[in-house]
Amino acid sequence: QNFIFYIIGSGPEEIKLKKLVKDLDLENFVTFTGQLQKYDLNYYLQKSDVYIQASSYEGLPHVILEAMSHNLSIISTPIGGTNEVIQDGINGWVWELENNFKPNKNNLIKILNNLKLNSFDDINKRKNAQNLLFSTFNEDKNFQMYLELLK
């Protein structure tokens, strides 16, 4: 079984990535979508199994929570608030950075191989992510907490 990758968004590495995909003859396995509206993003999340966050700097990317809500396996670099959400080996995988900046490609390969070979472990991580999402990021619960604080 081959992976199909959707690279969503755009940024300074997009031209290099497109050239690399072409040079490696991976055009049948990688699709570049560019920036997407929420509806279109949901379409790609629904047809995906894994979400990979490759940023080297951000706060808490809300798309991590969206990926959890779509029951995806989460692989993320240890950036900003992601460290408060993704617990390596418990509800996702942490993709290590080299020199605190660049994602380590060998670490990603290891994670993807582990994901492919250990589906039971992946199911548990997804369940743990869903539980965290419901218990910590539940809109109704949080709204009630805010109301109590305001009283």
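Percent of C-alpha pairs per 5 Å bin in the range 50-151, short distances first: 2, 13, 22, 22, 17, 11, 5, 4, 2, 1, 0.
Loop-located chymotrypsin sites (Phe, Trp or Tyr not before Pro) in the range 53-125 (DSSP state not H, G, I, E or B) with no more than 12 neighbouring Cβ atoms inside 10 Å: Tyr57, Phe101.
Each residue of the range 1-103 gets 121 Å³ once the volume of the Cα convex hull is shared out per residue.
Based on Cα contacts under 8 Å between residues 6+ apart, the range 1-146 shows a relative contact order of 17 percent.
Please report the carbon-and-sulfur percent of the accessible area for the chain; probe 1.4 Å, protein heavy atoms only, DNA, RNA and ligands left out. Of the solvent-accessible surface of the chain, carbon and sulfur hold 53 percent.
For the pair Glu84 and Tyr57, a Förster radius of 25 Å applied to the C-beta separation gives a FRET efficiency near 0.95, rounded to the nearest 0.05. Take 18-28, 105-115 and order them by the average number of nearby Cβ atoms within 10 Å per residue, most first; the result is 105-115, 18-28.
Of the peptides 33-41, 122-130, the order by per-residue mean of other Cβ atoms within 10 Å, starting with the highest, comes out as 122-130, 33-41.
In the context of the full set of protein chains, the chain has a per residue accessible area of 70 Å² (1.4 Å probe).
The values are calculated or read from the model by the stated rules, or taken from the named source; none is laboratory data. In this text, all values refer to a predicted model and were calculated from it rather than measured experimentally. Cβ coordinates were reconstructed from backbone atoms using ideal geometry, including for glycine residues, and neighbour counts include every protein chain displayed. In case anyone asks, the SASA skips ligands and DNA or RNA and just uses the protein heavy atoms, side chains included. Shrake-Rupley method; radii C 1.70, N 1.55, O 1.52, S 1.80 Å.
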